[in-house]
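Some notes on the structure that comes next.
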Amino acid sequence: MSSPTDTSAELWLIRHGESIGNRDRIYQGQNDLPLSHEGHQQAALLAARLAGLHLLQPFSAIYSSDLQRAWQTAVPCAQAINLPIQPSTGLREIDVGAWSGLTFGEIQRRFPEEWAASYPVMDPERVRGGGESYRQAQQRTIAALCEIVAAHPGERVLVFFHGGVLQAVLTHVLQVPLPNKRFLHTANTSISRLRLITSNRALTGLVLGMNDIAHLEQSGRSLASVGPE
């Protein structure tokens, strides 16, 4: 239960559209790859949906990871509802270091010990490829979301970012052990709605909806893909 000093906001957490990395089944991390052709189509369908929802109850702000696959997803939505995009490096995908740009098979061959510590059971404290651990990425992302909530009390805000850190946020809010994040898959351009509460930079909240891809399903096309980070 929140106290009078708590701040809350409704954040719509949106995974980016299909990227070239998703399409080619490679680990991206913070490697700055663009959307694929289908990713741009997904973003257009999402923008049309959000434009209609904005007319019913306006969104107050748009934030996005500065990596281009998230930014390119946010741009048509920002144009549709006439709001600027505010960049945040804190919303970037988990940094997987030397794993970036490699396929699953390549990672298994080059980094067998690190791979064994990640699959099938993930060690949340293990740094992969010299980047950051899932715990570190989770803490970084939560800090970024706390800042957004504090800046927009009582408002609805769109946040465009990435699948790995989105899973990390969901495990935190749902109080699910971080190694179980693999069960919380989110499709490209899916919407997860959360009522988030901040108090002394701690984040709690309620999941109002998760992995909503109605805009893709209604299009009659199979555009919802789940790929590596």
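Taking the stretch 104-142 as the range and being exposed (fewer than 13 other Cβ atoms within 10 Å of the Cβ), over 27 Å from Arg23 (Cβ atoms) and modelled with pLDDT of 90 or more as the test, only Glu125 passes. Evaluating Thr89 against the criteria (1) over 12 Å from the mean Cα position of the chain (by Cα); (2) closer than 30 Å to Gly130 by Cα; (3) surrounded by 16 or more Cβ atoms within 10 Å (Cβ to Cβ) leaves one unmet condition, (3).
Please work out if Gly101 is assigned to a helix (DSSP H, G or I), small (Gly, Ala, Ser) and under 20 Å from the mean Cα position of the chain (by Cα).
No; evaluated as a whole, the condition is false for this residue.
Assess whether Gly131 counts as being touching a Gly at 6+ places or on another chain (Cβ under 6 Å) and not in a helix (DSSP H, G or I). Considered against the rule, which asks whether it is touching a Gly at 6+ places or on another chain (Cβ under 6 Å) and not in a helix (DSSP H, G or I), Gly131 comes out as yes. For Gly101, which of the numbered conditions (1) in contact with a strand residue (DSSP E or B) (Cβ under 9 Å, 6 or more places away or on another chain); (2) over 22 Å from Val207 (Cβ atoms); (3) crowded, with 19+ Cβ neighbours inside 10 Å; (4) of a type in the set (Gly, Ala, Ser) fails to hold? Of (1) in contact with a strand residue (DSSP E or B) (Cβ under 9 Å, 6 or more places away or on another chain); (2) over 22 Å from Val207 (Cβ atoms); (3) crowded, with 19+ Cβ neighbours inside 10 Å; (4) of a type in the set (Gly, Ala, Ser), only one is false for Gly101: (3). With respect to (1) surrounded by fewer than 20 Cβ atoms within 10 Å (Cβ to Cβ); (2) closer than 24 Å to Glu106 by Cβ; (3) charged (D, E, K, R), the lone exception for Asp212 is condition (2).
Count of the stretch 62-98 residues, restricted to those that are among the charged types (D, E, K, R) and more than 12 Å from Gln28 (Cα to Cα), is 1.
The values are calculated or read from the model by the stated rules, or taken from the named source; none is laboratory data. Bear in mind the structure is a predicted one, so any value in this text is a computation, not a measurement. Positions of Cβ are backbone-derived with ideal geometry, glycine not excepted, and every protein chain shown enters the neighbour counts.
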